[in-house]
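Each value in this text was obtained by applying a stated rule to the coordinates, not by laboratory testing. On a predicted model such as this, the values are computed, not experimentally measured, just so you know. Methodologically, a virtual Cβ is constructed for each residue, glycine included, from the backbone with ideal geometry; neighbour enumeration extends over all protein chains shown.
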Amino acid sequence: MSDQAITPTKLPRHKSDRHQSGYVYEASNAFHVRYYTTEIVDGKSKRVQRSKWLCTKDRNTGHGSKTAKAVQMLAADHMRTINAPSRVITGDDCKIVDFYTNRYLPRIQTRLKPSTLRGYKQVWEQHLKGHFAGLTLQGYESKLGQRFLQSLTDTQNRTTLKHIKAVAGAIFKRAKLDEIIPSNPWRDVEIPEDAKEPANTPHYTMEQAEDMITALVEHVDGQLVIALACFLGLGPAEISGLQWGDIDNESISIRRNKVTNCGVGSPKTPSRIASVPLIGQVRIPLLLWRAKSQDVSDGAWVIPDLHNLTERVIKPCVRKSGCKWHGLYAGRRGACTAVIEATNGNYAVAQALLRHKSMTTTLNVYKKAITKGAFQTGMKQLEASLSK
């Protein structure tokens with residue numbers, strides 16, 4: 001049953017947020033407790049009196065009078081939630097959209113990596129901006145977030161819902177630190193149990209990588225991009241961030257990320273700042289492209305505009321040849337799988353190639369199912385070892 005408003009003259013005014021015991025009283029054959037609390041009225045904090053229904057009067061259940069132990073315990077349980085520090089609101093309320101635009105976004109623009117910032121902005125524009133429209137920080141409740149995520153289960157998978165929750169939670173965490181709200185309502189929001197699991201992310205086999213390189217025979221810069229992704233496992237931002245000074249005869253050093261419309265920044269994690277060895281499949285297109293490039297000084301970009309090259313050249317040529325295009329990250333996942341198979345299951349080599357801090361990331365995110373041939377080879381090796 002919902003709280004009932006009580007006439008303000010019935011109780012003495014509490015001028016502070018000190019501990020309250022509440023006052024238990026009987027009405028309509030039931031017991032209630034009344035108390036003071038702070039609520040938002042017309043966008044402003046206001047001290048009001050409220051009443052909470054506790055139980056029906058019933059001597060058979062121990063609820064025979066307002067002084068009964070069972071009734072007093074119910075009152076005490078409710079008053080603990082009222083007396084909790086989280087009930088105190090310390091700052092002026094404001095609309096969530098205004099807080100994001102004027103306070104949160106300017107702050108994260110100088111703190112998040114360009115790729116992470118772009119992801120946050122995308123989640124805000126596609127999902128949260130419309131949901132938060134017209135709502136205030138102090139007026140927002142966990143149940144609104146829960147209902148919102150539930151409403152998306154038909155169109156969004158579990159991973160997307162986690163991203164939405166993460167961004168929303170970060171916004172309200174900032175509001176809490178700014179003392180506008182007492183607690184973060186998104187902490188209590190859970191991912192719906194019926195959320196769809198994401199589809200398996202695609203990856204390229206080595207045969208598919210070679211087919212794409214063949215399709216780009218007239219575009220050696222495109223061949224180099226595919227080789228860097230599919231054979232060395234570089235991500236798009238790492239490829240875009242390569243400068244000629246990062247390359248020597250034996251290796252390529254990953255030192256920076258470059259993201260379209262987001263600028264240049266450091267790699268995703270410190271462990272991603274490392275060198276990977278050059279192999280023949282990459283060295284050949286690299287030398288050919290270096291010979292054709294107009295500027296090969298140390299500070300010049302190896303691929304000046306990866307986005308334009310991908311959209312204008314790589315994708316059309318790959319699709320025209322009959323190959324399926326899954327994006328450059330599919331090359332990174334394929335490189336992980338291929339190196340594990342080629343080294344008879346040496347996951348440490350794959351971890352070093354992808355420069356993951358944790359082996360768990362390598363296996364859970366990037367390792368794909370081995371090919372049928374590799375599986376058969378593995379079983380033959382098992383058979384041979386058992387026959388010795």
Notebook entry, point to check: Any idea how far apart residue 343 and residue 312 come out in nm if each label point goes 7 Å out from Cα toward Cβ?
Noted result: 3.8 nm
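Beyond 23 Å between alpha-carbons counts as too far, so tell me which of 143/196; 129/173; 69/143; 121/357; 129/162 fall in that bin. Walk me through the numbers before you get to the answer.
Working: 143/196 21 Å; 129/173 17 Å; 69/143 33 Å; 121/357 27 Å; 129/162 16 Å.
Among 143/196; 129/173; 69/143; 121/357; 129/162, the Cα-Cα distance tops 23 Å for 69/143; 121/357.
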Margin query: Please compute the modelled spin-label separation between residue 363 and residue 205, points set 7 Å along Cα→Cβ, answer in nm with one decimal.
Written below: 2.5 nm
Margin query: Can you return the aspartates and glutamates within cross-link range of residue 268? Criterion is Cα-Cα under 19 Å, with same-chain partners fewer than 8 residues away left out.
Written below: 238, 246
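Return 172, 31 ranked ascending by Cβ neighbour count within 10 Å, so the fewest neighbours appear first. Could you put the intermediate results ahead of the total?
Values: 172 23, 31 26.
Going from least to most buried by this count: 172, 31.
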Next item on the list: Counting other beta carbons within 10 Å of each Cβ, put 262, 230 in order, fewest first.
Entry: 262, 230
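Taking only DSSP H segments of four or more residues, each worth -39500 (n - 2.57), what value at 222 nm results for the chain once the sum is divided by all its residues, to the nearest 500 deg cm²/dmol? Walk me through the numbers on the way to the answer.
Working: 16 runs with 156 residues, N = 388.
Mean residue ellipticity, 222 nm, calculated: -11500 deg cm²/dmol.
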Check: Of 242, 135, 232, which has the largest mean-square fluctuation in a 10 Å C-alpha GNM of the chain?
Finding: 135
Check: How much length is gained if the chain between residue 154 and residue 283 is pulled fully straight, taking 0.36 nm per residue apart and subtracting their Cα-Cα distance, in nm to one decimal?
Finding: 41.8 nm
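Starting with the fewest neighbours, write out 186, 244 ranked by other beta-carbon atoms found within 10 Å of each beta-carbon.
On the way: 186 22, 244 16.
Lowest to highest Cβ neighbour count: 244, 186.
Please compute the length gained on full extension between residue 291 and residue 60, using 0.36 nm multiplied by the number of residues separating them and subtracting their Cα-Cα distance.
Numbers: separation 231, 0.36 × 231 = 83.16 nm, distance 9.36 nm.
Once the chain is fully extended between residue 291 and residue 60, it gains 73.8 nm.
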Check: Using alpha-carbon positions, what is the distance between the centroids of the stretch 228-302 and the stretch 318-332, in Å?
Finding: 20 Å
